Amino acid sequence: MRSGAKVAVIGGVFVLMAGGIGYGAYSMLGDTVGGDGGTRSASESSKVKTGPPSAEEIAETSKGFLDAWAAGDAAAASLLTNNESGSAPVLASYGEDARIGKVKITPGPAVGTKVPYTVRATVSYDGKSKPLAYASELTVVRGLTTGKALVDWAPTIVHPQLTEGATLRTGEASTPTIEAVDHNGKVLTKEKYPSLGPILDTLREKYGESAGGSPGIETWIEPADETQPDVNLLTLAKGKPGTVRTTIDAGAQEAAERAVKKYAEASVVAVKPSTGAIRAVANNPATGFNAAMQGKQAPGSTLKIMTAAMLLEKGLVTANGAAECPKEARYYTRTIHNLKHFSLPDGSTFTQSFARSCNTAFVKLIDDVDDDSALAKEAREVFGIGLDWKTGVVTTDGSVPEEVQGEAAAQYIGQGTVQMNALNMASITATARTGTFRQPVIVPQSLDNRQLATATRSLSPSVTQQLTTMMRATAAWGTGAKAMASVGGDKGAKTGSAEVDGQDTSNSWFTGFSNDLAAAAVVQTGGHGGDAAGPVVAEVLR
């Protein structure tokens, strides 16, 4: 859906025609132009206002801007912003490229310096017309050099989903629409499953032409990054959709969408351990960024699944063997303690340390590993982390960099430089469940014969059995017991909390399995893993 821009700047004057309507042309010649928009003469330079704009200035500036925009006068509207050169082409493309006319903008009462408004307009192309309606807001600020009240420019002013460098367009779609279905053939739509929006856009971009459909006429947002999919806003005339079968399970997806809405910022992913099929992906808010599959954060103690696997493989511990759990443990310059500085009695087992999420039991063993980078190798060779996953959509595939000394110790408990998202942790749990990494996929490999990532080796049956036994203990009587109480089947879990950038309340992480389904979730500033992320995972597993 790519096309050239149709806005010309000649001698400082904007010149354009859209829909047969001449837009105003405003000359900048002979004026002193401020870097924040607007003009002022030399005599005015000593009378620059300071301080926040007044209510009267906010009302006058917002009205002038909205009126000019609604009238199709991009040049006049841009003069009322603090970024004339950046705003003018975007405002101009509203009528030219997006074919949006008959614009009526209704402002609401100002809230401080913010002015909310609703937009009602008509999109017309090739004899087809359809109404377009949405809400957005602007902020009025004082120009740094002019002192004038100006609209603080952002692309979201024109449309809430418009990003920097993106363009609104209307025309015949270059890629046919698709009808995405779950693994049982049930239709998946953005309206019913809003978290799937960016995924469905990507699937259309990648597989639309090969799915057997024909293009329609649409209004869409074309991102600045050509590797990102276009975002459809309005369909004026439907094409013939092609069918794309996904691995999603509509029931699990519905549960995931419901679960994440209980928190302001949450993500969850469910994966089938025996195949790697992704059964659910959900985010709140359900924006264009798919945090569940593209996010990057420290996962806290959920990563102890991987650390435990490494320690078991090296024969340094056994599930039922003793593992010391003191209040604190030090490795080089890094001192690590347990939550509220708890400790476990002498003779406690490694399973007890795992189920109670004892940090020190893991850190105390790093000296015995005799290779600070061993966890990074375990991540790649066994769990497939850091490999180039080909799920069918864009993903961030986790990272455990090779570190030494104190930073390596932090990695053992999922802190430091470790970076994961809900998809990565669901996959790690799925690998622990079966002992073998199976790269997650959201469309079958047979759709395009793409090369899937493979790990170097699997866990031994003994290590796999011990690892799942410890996860079962966590779900039965450990830190995950409360969250997993309502989950049936053969179940296991691991909790985690991670402090990022010195935040007051840690992020809540939780991962678990029930029979042949694994799921992981993160809730931003949710606190302990079992308190917020745990119920999200449990709802999906149920």
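The values are calculated or read from the model by the stated rules, or taken from the named source; none is laboratory data. Note that the structure is a prediction, hence the values are computed from the model and not measured. Quick reminder, even Gly has a Cβ in these numbers, built from the backbone with ideal geometry, and neighbours come from all protein chains shown.
Below, the figures for the structure above:
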| read-out | value |
| --- | --- |
| Only one of THR479, THR511 that is out of contact with any helix residue (DSSP H, G or I) (no Cβ under 6 Å at 6 or more places or on another chain) and under 13 Å from THR302 (Cα atoms) | THR479 |
| Which numbered condition ASN184 misses (of (1) part of a loop (DSSP other than H, G, I, E, B); (2) more than 28 Å from TRP69 (Cα to Cα); (3) of a type in the set (S, T, N, Q); (4) touching a strand residue (DSSP E or B) at 6+ places or on another chain (Cβ under 9 Å)) | (4) |
| Residues satisfying the stated conditions in region 288-336, i.e. touching a residue at least 40 places away in the same chain (Cβ under 8 Å) and among the hydroxyl-bearing types (Ser, Thr, Tyr) | SER301, THR302, THR307, THR318, TYR331, TYR332, THR333 |
| Hits in region 44-84 (condition: surrounded by 17 or more Cβ atoms within 10 Å (Cβ to Cβ), hydroxyl-bearing (Ser, Thr, Tyr) and out of contact with any Ser or Thr (no Cβ under 7 Å at 6 or more places or on another chain)) | THR61, SER62 |
| Residue in region 135-143 that is under 16 Å from THR219 (Cα atoms), crowded, with 20+ Cβ neighbours inside 10 Å and β-branched (Val, Ile, Thr) present | no |
| Residue match in region 238-251 (condition: touching a Phe, Trp or Tyr at 6+ places or on another chain (Cβ under 6 Å) and modelled with pLDDT of 95 or more) | yes |
| Meets criteria (hydroxyl-bearing (Ser, Thr, Tyr) and under 22 Å from THR436 (Cα atoms)) for THR287 | no |
| Hits in region 330-358 - residues which are surrounded by fewer than 23 Cβ atoms within 10 Å (Cβ to Cβ), closer than 19 Å to ALA410 by Cβ and touching a Ser or Thr at 6+ places or on another chain (Cβ under 8 Å) | ILE336, HIS337, ASN338, LEU339 |
| Check on THR454, surrounded by fewer than 21 Cβ atoms within 10 Å (Cβ to Cβ), more than 29 Å from the chain's Cα centre (by Cα) and modelled with pLDDT of 95 or more | no |
| Pairs, first over 13 Å from VAL111 (Cα atoms) in region 53-72, second part of a helix (DSSP H, G or I) and of a type outside the set (Ser, Thr, Tyr), C-beta under 7 Å, six or more apart | PHE65/ALA77; ALA68/ALA76; ALA68/ALA77; TRP69/ALA77; TRP69/LEU91; GLY72/GLY95 |
| Restricting region 99-118 to residues that are touching a residue at least 40 places away in the same chain (Cβ under 8 Å) and of a type in the set (A, V, I, L, M), the residue that is farthest from GLU57 (Cα to Cα) | ILE100 |
| Test result for GLY414, crowded, with 24+ Cβ neighbours inside 10 Å, over 19 Å from the mean Cα position of the chain (by Cα) and part of a loop (DSSP other than H, G, I, E, B) | yes |
| Selection within region 94-134 - outside any strand (DSSP E or B) and within 27 Å of PRO223 (Cβ to Cβ) | TYR94, GLY95, GLU96, ASP97, ALA98, ARG99, ASP126 |
| Single match in VAL394, VAL404, VAL443, VAL418 (criterion: touching a Phe, Trp or Tyr at 6+ places or on another chain (Cβ under 9 Å), among the β-branched types (Val, Ile, Thr) and closer than 23 Å to VAL269 by Cβ) | VAL443 |
| Identity of the residue in region 514-542, of a type in the set (A, V, I, L, M) and not in a helix (DSSP H, G or I), that ends up farthest from the chain's Cα centre (by Cα) | LEU517 |
| Residue list for region 230-281, filter: charged (D, E, K, R), under 20 Å from the mean Cα position of the chain (by Cα) and not in a strand (DSSP E or B) | ASP230, GLU254, GLU257, ARG258, LYS261, LYS262, GLU265 |
| Meets criteria (among the β-branched types (Val, Ile, Thr) and assigned to a helix (DSSP H, G or I)) for THR335 | no |
| Selection status of LYS314, basic (Lys, Arg) and either modelled with pLDDT of 95 or more or under 25 Å from ASP516 (Cα atoms) (or both) | yes |
| Test for LYS482: is it over 24 Å from the mean Cα position of the chain (by Cα), buried (at least 19 other Cβ atoms within 10 Å of the Cβ) and of a type in the set (D, E, K, R) | no |
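So that you can scan it fast, the table gives a plain yes or no per residue for (1) touching a residue at least 24 places away in the same chain (Cβ under 8 Å); (2) in contact with a Ser or Thr (Cβ under 6 Å, 6 or more places away or on another chain); (3) surrounded by fewer than 17 Cβ atoms within 10 Å (Cβ to Cβ); (4) assigned to a helix (DSSP H, G or I):
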| site | (1), (2), (3), (4) |
| --- | --- |
| ALA361 | yes, yes, no, yes |
| LEU387 | yes, no, no, no |
| THR395 | yes, no, no, no |
| ALA409 | yes, no, no, yes |
| MET425 | yes, yes, no, yes |
| THR431 | yes, no, no, yes |
| GLN439 | yes, no, no, no |
